[in-house]
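> Sharing a structure below in structure tokens format, with a few things to ask.
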Amino acid sequence: MSLEKNASFIVWYEQNVRKLPWRETKDPYFIWISEIILQQTRVIHGLEYYIRFIKRFPNVEILAKANLEEVLKLWQGLGYYSRARNLHEAAKDIVTRFGGRFPQKYDDILSLKGIGSYTAAAIASIAWNQPYPAVDGNVFRVLGRLFAVETPTDTAEGKKLYSELAYRIMNPGQAGLHNQAIMEFGALQCVPQNPDCSRCPLQHQCRGYASGKPQQYPVKRHRTKMRDRYFHFLYIIYNNVYTYLHRRNEKDIWNGLFEFPVIETAQPADFAELKETDEFKKLFPPDSHAAFSLDKGNVRHILTHQVLHAAFYKVEIRTESEMLKNYLRIPLHELNDYPVPQLIHKYLSNMI
């Protein structure tokens with residue numbers, strides 16, 4: 001069978017498709033929400049968030065009118081919070097520019113914040129069967145193995161080639177079905193590690209399989225360099241009633257989320273070294289009579305390009321330093337109302 005306009009993906013998909021709520025609709029809003037959630041999240045984890053999200057925000061107008069903090073709180077635990085901020089911004093844009101109707105033209109979809117070529121193609125093809133190939137990580141892997149592509153995916157030449165290959169094997173009349181089929185094929189059959197090639201319907205057409213080394217595809221030129229960062233979080237309890245938070249607004253991780261006062265050091269630091277930092281001395285001057293205990297140490301949290309090494313100190317104080325007045329003081333019982341990074345959420349889940 002020719003690789004051109006290959007129907008094998010659709011045949012396989014109809015026999016193996018997982019029943020998921022966003023596959024039972026042509027509503028572009030619901031498809032959009034599902035695609036954004038699943039960008040960095042496994043289906044089994046993203047499903048419960050999708051259900052909660054569309055229950056609270058059943059259409060684009062309601063999402064646009066929502067408070068950003070509520071959107072972030074509902075997103076808590078999914079990580080990559082820029083996705084939630086972009087969803088909120090894009091929803092407001094849809095209301096402003098398109099009268100609350102999700103745009104149907106590919107270029108208009110692509111113009112929305114947080115939507116790239118893959119997501120725009122997925123929405124346009126699934127909702128309206130427009131012939132745009134959706135090329136995500138799963139599709140890169142399937143095509144890379146199927147055609148034994150030596151051109152790296154993370155180059156302009158590679159991206160252009162993969163888009164051309166994706167279009168070559170897509171039947172434009174079944175664009176939406178094909179895109180869902182090949183993405184599902186990559187997620188369930190042509191998996192990153194130890195693919196079951198013996199049961200693959202495309203085995204005899206797969207050049208990667210013929211090479212004897214299908215797992216060497218797709219080729220990637222650049223390896224992401226990881227950066228180590230050292231965070232020392234201070235869970236401060238004032239008179240057994242209050243604690244302190246601050247909202248991250250820098251162009252850095254967790255923008256818009258709340259966190260405890262934190263001291264970041266360039267290198268690993270124990271408590272004795274932490275006490276010598278200027279930030280610590282400003283937060284806890286000698287007359288503060290603060291009581292410290294290491295609540296949780298050696299916590300490793302991996303982000304896309306960073307590895308966070310965190311420690312959580314519980315601090316009990318009776319007097320408030322001048323520096324602490326720059327933070328948001330809240331009653332302890334309200335702490336769970338604030339959207340926080342997953343790292344802090346996991347810590348609090350054992351505290352509250």
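> Can you tell me which of (1) surrounded by 15 or more Cβ atoms within 10 Å (Cβ to Cβ); (2) in contact (Cβ under 8 Å) with a residue 60 or more places away in the chain; (3) over 22 Å from residue 332 (Cα atoms) is the one residue 265 doesn't meet?
(2)
> Here's a follow-up. In segment 180-201, which residue that is part of a loop (DSSP other than H, G, I, E, B) and out of contact with any Lys or Arg (no Cβ under 9 Å at 6 or more places or on another chain) is surrounded by the most Cβ atoms within 10 Å (Cβ to Cβ)?
Out of the qualifying residues, it is 200.
> I've got another one for you. Would segment 203-214 turn up any residue that is touching a strand residue (DSSP E or B) at 6+ places or on another chain (Cβ under 9 Å) and in a helix (DSSP H, G or I)?
Within segment 203-214, not a single residue is touching a strand residue (DSSP E or B) at 6+ places or on another chain (Cβ under 9 Å) and in a helix (DSSP H, G or I).
> So, one more: Please find, within segment 91-148, the residue that is nearest to the chain's Cα centre (by Cα) out of those that are of a type in the set (Asp, Glu) and within 30 Å of residue 67 (Cα to Cα).
Step by step, filter segment 91-148, then rank; the result is 93.
> Any residue at all in segment 62-74 that is part of a helix (DSSP H, G or I), over 12 Å from the mean Cα position of the chain (by Cα) and exposed (fewer than 13 other Cβ atoms within 10 Å of the Cβ)?
yes
> Just a yes or no: is a residue in segment 131-139 touching a helix residue (DSSP H, G or I) at 6+ places or on another chain (Cβ under 7 Å), of a type in the set (Ser, Thr, Tyr), at pLDDT 95 or above and over 29 Å from residue 215 (Cα atoms)?
Checked segment 131-139: no residue is touching a helix residue (DSSP H, G or I) at 6+ places or on another chain (Cβ under 7 Å), of a type in the set (Ser, Thr, Tyr), at pLDDT 95 or above and over 29 Å from residue 215 (Cα atoms).
> Those residues that are among the basic types (Lys, Arg) and either in contact (Cβ under 8 Å) with a residue 24 or more places away in the chain or assigned to a helix (DSSP H, G or I) (or both), I need them from segment 37-61; list them, please.
If the condition is that a residue be among the basic types (Lys, Arg) and either in contact (Cβ under 8 Å) with a residue 24 or more places away in the chain or assigned to a helix (DSSP H, G or I) (or both), then 52, 55, 56 are the ones that fit.
> Let me ask something else. Suppose the filter is surrounded by 14 or more Cβ atoms within 10 Å (Cβ to Cβ), touching a Ser or Thr at 6+ places or on another chain (Cβ under 6 Å) and farther than 30 Å from residue 156 by Cα; does residue 235 pass it?
No, not satisfied.
> May I pose another question? Of 123, 94, 115, which residue is open to solvent by less than 40 Å² (accessible area, probe 1.4 Å), part of a loop (DSSP other than H, G, I, E, B) and in contact (Cβ under 8 Å) with a residue 24 or more places away in the chain?
115
> Which residue, of 177, 165, is more than 28 Å from residue 101 (Cβ to Cβ), touching a residue at least 12 places away in the same chain (Cβ under 8 Å), in contact with a helix residue (DSSP H, G or I) (Cβ under 9 Å, 6 or more places away or on another chain) and surrounded by fewer than 23 Cβ atoms within 10 Å (Cβ to Cβ)?
Testing whether each residue is more than 28 Å from residue 101 (Cβ to Cβ), touching a residue at least 12 places away in the same chain (Cβ under 8 Å), in contact with a helix residue (DSSP H, G or I) (Cβ under 9 Å, 6 or more places away or on another chain) and surrounded by fewer than 23 Cβ atoms within 10 Å (Cβ to Cβ) leaves just 165.
> If I go through segment 75-89 residue by residue, how many of them are without any contact (Cβ under 8 Å) to a residue 40 or more places away in the chain and either part of a loop (DSSP other than H, G, I, E, B) or crowded, with 18+ Cβ neighbours inside 10 Å (or both)?
2
The values are calculated or read from the model by the stated rules, or taken from the named source; none is laboratory data. Note that the structure is a prediction, hence the values are computed from the model and not measured. Heads up, the Cβs are rebuilt from the backbone with ideal geometry, glycines too, and the neighbour counts pull from every protein chain shown. The protein model used for the area step is the full one, side chains on, heavy atoms only, and it has no ligands, DNA or RNA in it. Shrake-Rupley method; radii C 1.70, N 1.55, O 1.52, S 1.80 Å.
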